[in-house]
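The values are calculated or read from the model by the stated rules, or taken from the named source; none is laboratory data. These numbers come from a predicted model, not from an experiment. Note: ideal-geometry Cβ built from the backbone for every residue, glycine included; neighbour counts use all protein chains shown. The accessibility values were calculated without ligands, DNA or RNA, using every heavy atom of the protein model including side chains. Shrake-Rupley method; radii C 1.70, N 1.55, O 1.52, S 1.80 Å.
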Amino acid sequence: MNKSRINLWIGIVLISVLMLMMVVSLFYTPFSVTEINRLERFEPPSARHLLGTDNFGRDVLSRIMKGSQTAFFVGLVAVSIGSILGVLIGAISGYFGGIVDEIIMRIVDSMMAFPSILLALMFVSVFGVGLRNTIIAIGIMSIPSFARITRSGFVQHKELDYVKNAKIKGVSNLRIMFRHILPNVLSPIVVAASMGFANAVLAEAALSYLGLGIQPPNPSWGKMLSESQVFITVGPWYAIAPGVFITLLVLGFNFLGDGIRDIREKR
Amino acid sequence: MFVYLKKLFAMFLTVLLVLLITFVTFEIIPGNPALSRLGVDAQESQYEALAAELGLNDPLEIRLSRWLKGLFTGDLGISMRYSVPVSELILDRLPVTISLAVMALVLIVLIGIPLGIVSAKYGERLPGILITLISQIGMAIPSFWSGIILIYIFGIVLRWVSPGGFVPWSQDAYGAFKSLILPAVAIALPSIASIIRYTRNSIMDQMKNDYVQLALSKGLNLNSVLLRHVLKNALIPIITVLGMIAANILGGSIVIEQVFTLPGVGRLLINAITTRDLPLVQGMVLYIAFIIVVINFFIDIIYTVIDPRIRLVQRG
């Protein structure tokens, strides 16, 4: 196997396995996610409960599977919001330049002054907690990085001959921006989207851990961690499982992003 | 000199925009601070009086200019819940967060950079690949989870520290250190991982230069070339990463203080959000963002001083 592809493959394998688990959980989980079973509280991992049970006797694996739906959903929608708005802002800024560029980039820079979790917390405190607001907060939080990357691509490409040619031929600005330039600067944006997905998963977990993200009964890995922390002496496995899955998913998207970048640099 | 003035101006502009973003965000809030302070069954006259006192009926630009004037005199507003100036509350909690940040930064520099050097030295051979892999995993682990695991290992299984809580430095310095070391490690881990990667990449870029080949062909061994020639040049770009690291540390401590129940700025912020003490949230968001802007400004200056090439490029 090609050595430069190893990052890509690790990423693809990790994400595929977790995605498969997510898809299966849409139709089937080994046990009910919500049903309380007082007789089976804090059972350590066994053949019956692969990852043990929690303080209500619920199967941890089943809850992890359901939680993966939230993780993928939040990641996908948040990255879509962040990338669409970020690419739009970055494209306008880079293509038109001048005072527009100056103003937009100043605002983007100022947004970057907020640690991303702080930005998300600020929006959640203003608009309230819950699934929708968590997604919006994380989406907004990722706009600056997309805007910057897109802008730098546009700044490079707008001076190239093919763009000048199109301009002379009278092709509209909008068409040049999104039909001519965008496809050429897409690969760094894809890398950013992959990394952004990883960051979104981490941010959702952190917000939910703090009690300011996904609210019960919606399952979330971050929420599971905050519930499990209280019971860590009686059921350490309960606190370990969600963290492992968050790490694996984040790892998968980081590897995927690195892998795509490796291929681009090879070319 | 001109370069520094320009940077200073840019910093003020950024600060101003940070202020505007914060102000606008908190303007959108549904509901009304006077109403939420009095509760729903307040009388109309009571509400009118408080709204007038807080100046809620004034037009937007008046409120904005009053708020800005307050900020320049160090007045961040008054907390609803505690009825105490926000700045006082923050200053009260600052020692814990600063201690945490400094300890985390020391860990990041002392562990991250040497590991990065080692990893670059071995390049594509096994130790290099191994360190890269570990740092990849380190970046993926959520810091609050590593915090929980650290509490479990060192607090519950090994019983080296009692998890949670904080002893002030003035009371018991060793106790304070013990209560802060685990959270500092948890905050530092992701940044250690990313600084390993930056150091490694930066050194490996430098190794491609002719001066390295010259030094090696003159018979110097790899270690001394690395430490005496390459490192000096490779560390310069790493300084720019420190701004990101500072943001990571502050962001990390917001979450980690919650994990370890430390009475710091982060915990105050989360409490303020859950109790919807919005003036306090606003003041704190601003304060933290301001710190980051100032840190980035100084990093920028240091960078320009260390590497004269940057000054030249910017002039041209």
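Being more than 30 Å from A:Arg48 (Cα to Cα), among the small types (Gly, Ala, Ser) and buried (at least 19 other Cβ atoms within 10 Å of the Cβ) is the requirement here; does A:Gly130 meet it?
For A:Gly130, the condition - more than 30 Å from A:Arg48 (Cα to Cα), among the small types (Gly, Ala, Ser) and buried (at least 19 other Cβ atoms within 10 Å of the Cβ) - is not met.
With a cut-off of at least 3 residues that are within 11 Å of chain A (Cβ to nearest Cβ) and open to solvent by 10 Å² or more (accessible area, probe 1.4 Å), name the helices (runs of 4 or more DSSP H) lying wholly within segment B:177-273.
Filter on segment B:177-273 gives B:231-259.
Among the candidates B:Val157, B:Val161, B:Val118, B:Val109, which residue alone is closer than 17 Å to B:Thr261 by Cβ and of a type in the set (A, V, I, L, M)?
B:Val161
Please work out which one of (1) within 14 Å of chain B (Cβ to nearest Cβ); (2) of a type in the set (D, E, K, R); (3) touching a Lys or Arg at 6+ places or on another chain (Cβ under 9 Å) is the condition A:Lys158 fails and give its number.
(1)
What are the pairs, 6+ residues apart or on separate chains, where a residue within segment B:2-26 that is within 8 Å of chain A (Cβ to nearest Cβ) and under 20 Å from B:Thr304 (Cα atoms) has its Cβ under 8 Å from a residue that is acidic (Asp, Glu) and assigned to a helix (DSSP H, G or I)?
Between residues of segment B:2-26 that are within 8 Å of chain A (Cβ to nearest Cβ) and under 20 Å from B:Thr304 (Cα atoms) and residues that are acidic (Asp, Glu) and assigned to a helix (DSSP H, G or I), the close pairs are B:Thr14/A:Asp109.
Which residues, taken from segment A:179-195, are away from chain B (no Cβ under 14 Å) and under 30 Å from B:Val259 (Cα atoms)?
Hits for segment A:179-195 are A:Ala192, A:Ala193.
This table checks each residue for (1) assigned to a helix (DSSP H, G or I); (2) modelled with pLDDT of 90 or more.
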residue: A:Ile176; (1), (2): yes, yes
residue: A:Leu182; (1), (2): yes, yes
residue: A:Pro188; (1), (2): yes, yes
residue: A:Leu212; (1), (2): no, yes
residue: A:Lys223; (1), (2): yes, yes
residue: A:Leu251; (1), (2): yes, yes
residue: A:Asn254; (1), (2): yes, yes
residue: A:Gly257; (1), (2): yes, yes
residue: A:Ile263; (1), (2): yes, no
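Filter segment A:7-31 down to the residues that are under 17 Å from A:Ile246 (Cβ atoms) and over 19 Å from the mean Cα position of the chain (by Cα) and list them by number.
A:Ser25
Have a look at A:Ser125, A:Ser110, A:Ser116 and point out the one that is in contact with a Leu (Cβ under 6 Å, 6 or more places away or on another chain), within 14 Å of chain B (Cβ to nearest Cβ), over 17 Å from A:Ile84 (Cα atoms) and surrounded by 15 or more Cβ atoms within 10 Å (Cβ to Cβ).
A:Ser110
Quick check, is A:Ile232 without any contact (Cβ under 8 Å) to a residue 12 or more places away in the chain and within 23 Å of A:Glu35 (Cα to Cα)?
Considered against the rule, which asks whether it is without any contact (Cβ under 8 Å) to a residue 12 or more places away in the chain and within 23 Å of A:Glu35 (Cα to Cα), A:Ile232 comes out as yes.
Filter segment A:142-163 down to residues that are loosely packed, with under 12 Cβ neighbours inside 10 Å and either modelled with pLDDT under 90 or part of a loop (DSSP other than H, G, I, E, B) (or both), then give me how many there are.
Here the count works out to 1.
May I ask you to list the residues in segment A:196-205 that are open to solvent by 20 Å² or more (accessible area, probe 1.4 Å) and within 10 Å of another protein chain (Cβ to nearest Cβ)?
The answer is A:Leu202, and nothing else.
Restricting to segment A:235-247, what's the tally of residues that are facing another protein chain (nearest Cβ under 8 Å) and touching a residue at least 60 places away in the same chain (Cβ under 8 Å)?
Total satisfying the criteria: 2.
Does segment A:22-50 hold any residues that are in contact (Cβ under 8 Å) with a residue 40 or more places away in the chain, assigned to a loop (DSSP other than H, G, I, E, B) and of a type in the set (A, V, I, L, M), and which are they?
A:Val33
Here is a list: A:Ser208, A:Ser220. Which entry is under 25 Å from A:Glu35 (Cβ atoms), open to solvent by less than 20 Å² (accessible area, probe 1.4 Å) and within 11 Å of chain B (Cβ to nearest Cβ)?
A:Ser208
Name the pairs: first residue in segment A:68-92 and within 14 Å of A:Ile140 (Cβ to Cβ), second residue among the acidic types (Asp, Glu), Cβ to Cβ under 9 Å, at least 6 apart or on different chains?
Pairs found: A:Val74/A:Glu204; A:Ala78/A:Glu204.
Look through A:Phe127, A:Phe123, A:Phe96, A:Phe114 and report the one residue that is aromatic (Phe, Trp, Tyr), modelled with pLDDT under 90 and over 20 Å from the mean Cα position of the chain (by Cα).
Within the list A:Phe127, A:Phe123, A:Phe96, A:Phe114, the selection yields A:Phe127.
Check segment A:78-101 and report whether any residue there is of a type in the set (A, V, I, L, M, F, W, C) and part of a loop (DSSP other than H, G, I, E, B).
no
Is it the case that B:Ile310 is modelled with pLDDT of 85 or more and part of a helix (DSSP H, G or I)?
No, not satisfied.
Per-residue answers, yes or no, for (1) open to solvent by less than 40 Å² (accessible area, probe 1.4 Å); (2) in contact with a Lys or Arg (Cβ under 8 Å, 6 or more places away or on another chain):
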{"site": "A:Asn55", "(1), (2)": "yes, yes"}
{"site": "A:Arg58", "(1), (2)": "yes, no"}
{"site": "A:Thr70", "(1), (2)": "yes, no"}
{"site": "A:Gly75", "(1), (2)": "yes, no"}
{"site": "A:Leu88", "(1), (2)": "no, no"}
{"site": "A:Ala91", "(1), (2)": "yes, yes"}
{"site": "A:Phe96", "(1), (2)": "no, no"}
{"site": "A:Ile99", "(1), (2)": "no, no"}
{"site": "A:Ile103", "(1), (2)": "no, no"}
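Closer than 15 Å to B:Leu250 by Cα, touching a residue at least 24 places away in the same chain (Cβ under 8 Å) and within 14 Å of chain A (Cβ to nearest Cβ): does that describe B:Phe154?
So B:Phe154 fails the test.
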